[in-house]
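Every read-out reported here was derived from the displayed coordinates using simple, explicitly stated rules and does not represent laboratory data. Just so you know, these numbers come straight off a predicted model, no measurement behind them. No Cβ is skipped: glycine too gets one built from the backbone with ideal geometry, and neighbour counts run over all protein chains shown.
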Amino acid sequence: MRTILKWALPFCLLLFSANAVAQCAGTDNTVTICTKDADEANKTFDLFTQLGDNPTLGGSWSTNDPANFYALDRDTGIVNLWDVKNSGFHEFTYTNDCGASTETATITIILGGYPGEDNIDGSADACGDNNSVNLHGYIGDETDGKFQDFNGVWEAITPEAAPFLLLNYFDAESAGTGTYEFTHTVPAVGSCPSRLVTLLLEVQRPANPGIGSNLTLCTTDDLSGYTNYDLNSLLEDEDINGTWSEGLDTDQLSDLTDHLIDIEAIRDRHTYGTFSFTYTVYPSHAVCDINRTKVEITILPTFRGTITAPNFCVDPDKYLVEISDYDDTLIPPDTYSVTYLLTSSNGNSGETTSLLLNPDRTGSFEIDANLVQKNVTTTLSITSLGDKVCPDIQVSPIQFIATDPIAKVTDTCEGEEVSVSLSDIFDPSFTRANGIYDVNYTITAPSNTETTHTASAINFTAGSATFTIPTEQITETGEYTFDFEVDNGFPMECDISDTAIITAIPEAIQLDISVNNSCNATEIDVNVNAPALSDGEYIVTYEVVSQETNAVLIDNTIIFIGGTANYQIDVATLEQGNYTITVKSTQDDTTPCRLLFNFEVNENFAVEGVPALPEAEAVQTICLAAFPSSVPTLQDIEVSATGEMMFYDTATDMDILPIDTELIDGEDYFISNIDPLNNCEGSDRIQVTVILSDPEMPMLFNGNPTFCGSEDPSINNLSSSVASSNTILWFETATGGTVLDNTTALTNGKSYYAGTEVDGKCQSSQRIEIIPIVYQLEPATLEFSTLALCGLDNPTVQNLRDAENNSSYDVLWYDTPANGIPLEEDVLLIAGTTYYAESFNPDTGCMNPERMAITIDLTNCEPEEYGFFIPDGFSPNGDGKNDTFFIPNIEIIFPEFTLEILNRYGTSLFKGDQNNPAWNGNNGNSTAPNGVYFYIIEYNKEGHNPVQGRLYLNR
């Protein structure tokens, strides 16, 4: 530890001239004042007299420090140094008009610090509820006008105070009662030494009225247990020497010692309200304030009443809920914040809105219709009327339904019954209607004629029912309106209606097409039969379309006047191809309710439409391996043809073979085709001979080959287990599946299947199974990632065994993260080297290449166990003996150490560490003389504090 020398300097003024050139402003000067507080004259320090040379009067003074602005009289140059609150260098500039020029001179005052006055006589007190005590307020001398500097440093001498001191503020509340010692130190300035004063601050216990809690009750509560209520029960941790007081409207406390009140009497007198009581505690010391805790007893009004709400029809945004017969003796008329809850089978919803209670004991509020589930029973309850009302809401929930009943009337044709379906119909028990009910309905005809009817004894199930309106009640065609009312006693007047259109039945037209030859047509007949049509022109159109291009090649319009008609369409000019003839009525194509009319008639035909002969290989080989769970059939023969193919046993046979006919090895099959666009079959057939092929599976050599997981074995490694003259393929399944790539990694105990393939086309249907054994090792595991040893013990690889976990495998040690050779156990460990553990199974010769690293700490040496000592001298005379000041083994035991050598004046001569551990007795380029020197050693190791001592240098 360095020694700081403190010099006691007398009050002094050091004057010297900094400018030898005479000027009317004088010359610069520097003044040192170490103890400004020692002389009253420093309150009126005359700067003008400190100027050098011969300044003239009449100038003005200024300062470059705004903190000194009010300490300086700018006209006279008189400065109150007691008002300069910061020690340091302070400049004051004198400016004077010298005729031809304006000149300046500066007085620099080197001002020593004033720390204030000691305050250790017990007069410094602070209250224990103050978390920000300004310590400056205790060391100034207001009587003499002395105030301490503000650039000093406060330090807590009492260790318990240190955590609660921040700059000049002390948290007395957190520190607690007691006496604490502090020092205020101002720094050294120039030749002026630092100074300090001591403060003994006593923290006084504050008055504690405790932590108060409030009591909330309801007007309807049984308060018989509150007739002798102790107010002290509403306090926690209070001083017992306090007194209770009350407001003007309770009249419960008889004197200052009373703390029992009758809450039931307060309720009976006022019904409800908030009533306050105050607990007052006086402090034991005047530095602390009188403290009070206020508690409140709130008696909340209680809401009693009745909710009424009709069942609603789904339409408005808000539904009105009415309140009646509420007890206005328990709650006054007012506007309250009501929170309601809507509960249904679909979940809960609700919100907070306004409830208005009227003086006539009625009220109302609105609920958001968007929160109400449609067509389900909903329960409405009030859960809160805000913090102004007792939470005991004594109102029974009500049930209602917001319904959207639906009627669906089906459009129909003239002369048919009209179908009606009703849904979401509820009964008075708030459930979808079940049972027998009459349905009254009104029919409004297109002519606005209204008729009323009843559908009796309609069976409703889960709110739905269907029935029909008889044809005799529908007397017109056009749009009808139907209004329904279910006679089931459910009190709801929702609109249940729908419209339907009754369409008249149009007259029938019959069309027909006749093609003379569908495979090679030359003429087409169109027949029209409409004898029931009234007189007038009717239109029938026809067109011929190419099936290849969709182009319309022939089109025309036939106009006839009722009755029947025959037309011939000449198609002899069409080129070879497939065509479609379409004949349709266009006079009323969108009219519904036609009973016997095809709007459109189509017929395919061809011109020279016999398809070309199919094409196929005459001999086809089919691999049976492609059919692991079935057998090949006719559809597996590869044939290219136009249209649909047909298979026969012979060239002339007329019996078509089913497409799922199983193939026979060596059998001949005959194939023709038919064009589906014109239904024309080719005149010739081709012959295909079928050969069924199944190569032999491979020969097995080793069904359970073994591998090390570290070798990353793959499918390619299985090739030595089987043999075949054909190509060998590998699969994961005994049948089917895809071919595995040779680089696919092997899995221990998993089955792999080898098959063969001929000419890259046909695979064997049978496969041989191989189950490899892949030995896997878990990577080595270590108890810890850092091993602490002492390098002085010359530890070896054998010591690394201490870091190994118990394992069924051996562990090999390396000094590289990969590759390398295992280390012998007698190899010495090297500091700074990372070592790696790898698991090894000597039974299989397998290893896991994933290595675990461990860091070696060779500094785990206890000094006393290794004779560690610090020499007390050395003789750097070049004789090879004790020529340096060196601490044996310090660089091993304390590798982060630092060493500093100082002379008796505190001057540092040498700084050392692990890279430069020994002092050779020199001071830079010069030789240090014989004598006593001092060392400071920072071990920089947990548990070892710095040390300092002396040593003797003797050459």
Ratio Rg/Rh [Cα only; Rh per Kirkwood] for region 619-693: 0.98
HN-Hα couplings for region 679-685 via Karplus (6.51, -1.76, 1.60; θ = phi - 60°), in whole Hz with x for Gly/Pro, come out as 6, 9, 9, x, 8, 10, 10
Region 301-318 residues near the modelled T379 label - backbone nitrogen below 19 Å, point 7 Å along Cα→Cβ: 305-312
Quick one: net charge of G435's neighbours, Cβ under 14 Å, K/R +1, D/E -1? -2
For the chain, treating each Cα as an identical point scatterer without solvent, what Debye log10 I(q)/I(0) comes out at q = 0.06, 0.09, 0.11 1/Å? -1.05, -1.19, -1.29
Inter-probe distance in nm under a simple model that places probes 7 Å from Cα toward Cβ, at K750 and D843: 2.4
For the chain, what does the relative contact order come out to in percent, with C-alpha contacts under 8 Å and a separation of six or more? 4
Vicinal HN-Hα couplings computed from phi for region 761-771 (Karplus, 6.51 cos²θ - 1.76 cosθ + 1.60; Hz; Gly/Pro x): 10, 10, 9, 6, 7, 10, 9, 9, 8, 10, 10
Just to verify a number: FRET efficiency for E769 and N806, C-beta to C-beta distance, R0 = 56 Å, to 0.05? 0.90
Whole number please: convex hull volume per residue, Cα atoms of region 406-503, in Å³. 82
Can you give the extra length, in nm with one decimal, that the chain gains between K388 and S725 once fully stretched, where that is 0.36 nm per residue apart less the Cα-Cα distance? 111.6 nm
Which shape class, rounded, prolate or oblate, goes with region 125-204 when its Cα gyration tensor gives a ≥ b ≥ c as root eigenvalues, a/c under 1.5 marks rounded, and past that a/b bigger than b/c marks prolate? prolate
Please compute the modelled spin-label separation between S629 and T652, points set 7 Å along Cα→Cβ, answer in nm with one decimal. 4.4
Sorted by Cβ neighbour density within 10 Å, fewest at the top, the residues C593, C288: C593, C288
The local net charge around T454, scoring Lys/Arg +1 and Asp/Glu -1 for residues other than T454 whose Cβ lies under 11 Å from its Cβ, equals -3
Near-label residues of region 276-297 by backbone N, under 20 Å of a point 7 Å along Cα→Cβ of S174: none
222 nm mean residue ellipticity, helices alone, for the chain (DSSP H n ≥ 4; -39,500 (n - 2.57); rounded to 500): -500 deg cm²/dmol
For a Förster distance of 35 Å, can you work out the FRET efficiency between the beta-carbons of L260 and D327, rounded to the nearest 0.05? 0.65
Among region 874-901, those whose backbone N falls under 18 Å of a label point 7 Å along Cα→Cβ from S926 are 901
Compute the distance in nm between two label points, each set 7 Å from the Cα along the Cα-to-Cβ direction, one at S191 and one at E485. 12.0
Positive-end residue, the chain charge dipole about Cα centroid, Cβ charges, pick of I901, A465, Y226: I901
Kindly provide the Kirkwood hydrodynamic radius of region 869-953 in Å, to one decimal, from all pairs of distinct alpha carbon atoms. 13.1
In nm, what is the difference between 0.36 nm times the number of residues separating S345 and S224 and their Cα-Cα distance? 39.3 nm
Put +1 on the Cβ of each Lys and Arg and -1 on the Cβ of each Asp and Glu in region 125-204; which of Q148, A188, L167 then has its Cα farthest toward the positive end of the dipole? A188
If eta is 0.692 mPa s and T is 37 °C, what Stokes-Einstein diffusion coefficient results for region 786-857, Kirkwood Rh from Cα pairs, in µm²/s? 259
Show me, bin by bin at 10 Å from 0, the whole-percent P(r) of region 742-876 based on Cα pairs. 10, 27, 20, 14, 12, 8, 4, 2, 1, 1
Short version: ³J(HN,Hα) in whole Hz for each residue of region 121-128, in order, from phi by Karplus 6.51 cos²θ - 1.76 cosθ + 1.60 (θ = phi - 60°), x for Gly and Pro, what are they? 8, x, 8, 8, 10, 9, 8, x
Calculated log₁₀ intensity ratio I(q)/I(0) where the Debye formula runs over C-alpha points of region 173-277, q = 0.12, 0.21 Å⁻¹: -0.59, -1.13
How about region 653-710: which chymotrypsin sites (Phe, Trp or Tyr not before Pro) there lie in a loop by DSSP and see at most 12 other Cβ atoms within 10 Å? F701
Set the Förster distance to 41 Å, then compute FRET efficiency between T621 and T549 from the Cβ-Cβ distance, nearest 0.05. 0.55
Put in order of increasing Cβ neighbours within 10 Å, starting from the fewest, T352, T280, T573 give T573, T352, T280
Which of the trypsin sites (Lys or Arg not before Pro) found in region 730-770 are loop residues per DSSP with 13 or fewer other Cβ atoms within 10 Å of their Cβ? K750, K761
What length, rounded to one decimal in nm, is gained on full extension from E638 through to E696, with 0.36 nm per residue of separation minus their alpha-carbon distance? 18.4 nm
